[in-house]
Amino acid sequence: MSARRDTPPPAVAPQPPVDEGPKITRTDCDRCGTQVAGIDGRYACGVCGWVNHWSEGHRPLPTAEADVDCPGRPGAAAQRDR
């Protein structure tokens with residue numbers, strides 16, 4: 001005989017979307033045609049020196065405050081000294 005449950009099961013909170021992190025992407029150099037790889041659509045060609053504009057990336061760049069090595073961030077020196 002199974003026990004009857006009169007109370008509803010606890011509500012499950014919705015999970016925030018998982019940040020998948022940066023992705024390695026590839027394209028052909030606009031200047032010389034060499035295949036180049038970059039992070040999130042930001043490229044630099046090691047053959048001819050071509051670099052695409054930072055705004056052409058696939059997502060916004062992080063702010064300086066999000067950088068763990070940012071000199072102005074509180075506690076940054078303590079993290080570096082570990």
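How about the stretch 17-51: which of its residues are free of Cβ contacts under 8 Å to residues at least 12 places away in the same chain, closer than 21 Å to Leu61 by Cβ and out of contact with any strand residue (DSSP E or B) (no Cβ under 7 Å at 6 or more places or on another chain)?
Within the stretch 17-51, Pro17, Val18, Asp19, Glu20, Gly21 qualify.
In the stretch 33-47, what count of residues is obtained for those that are on the phi < 0 side of the Ramachandran plot and within 13 Å of the chain's Cα centre (by Cα)?
The total comes to 3.
Are any of the residues in the stretch 48-68 more than 16 Å from the chain's Cα centre (by Cα), at negative phi and β-branched (Val, Ile, Thr)?
Yes, that holds for at least one residue.
Each row is one residue, and each column tells you yes or no for (1) modelled with pLDDT of 95 or more; (2) exposed (fewer than 12 other Cβ atoms within 10 Å of the Cβ); (3) assigned to a loop (DSSP other than H, G, I, E, B).
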| residue | (1), (2), (3) |
| --- | --- |
| Asp19 | no, yes, yes |
| Pro22 | no, no, yes |
| Arg31 | yes, no, yes |
| Gly38 | yes, no, no |
| Gly49 | yes, yes, yes |
| Ser55 | no, yes, no |
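The values are calculated or read from the model by the stated rules, or taken from the named source; none is laboratory data. Computed from a predicted model, the values in this text were never measured in an experiment. Cβ sites come from the backbone with ideal geometry, for glycine too, and all protein chains shown count toward neighbours.
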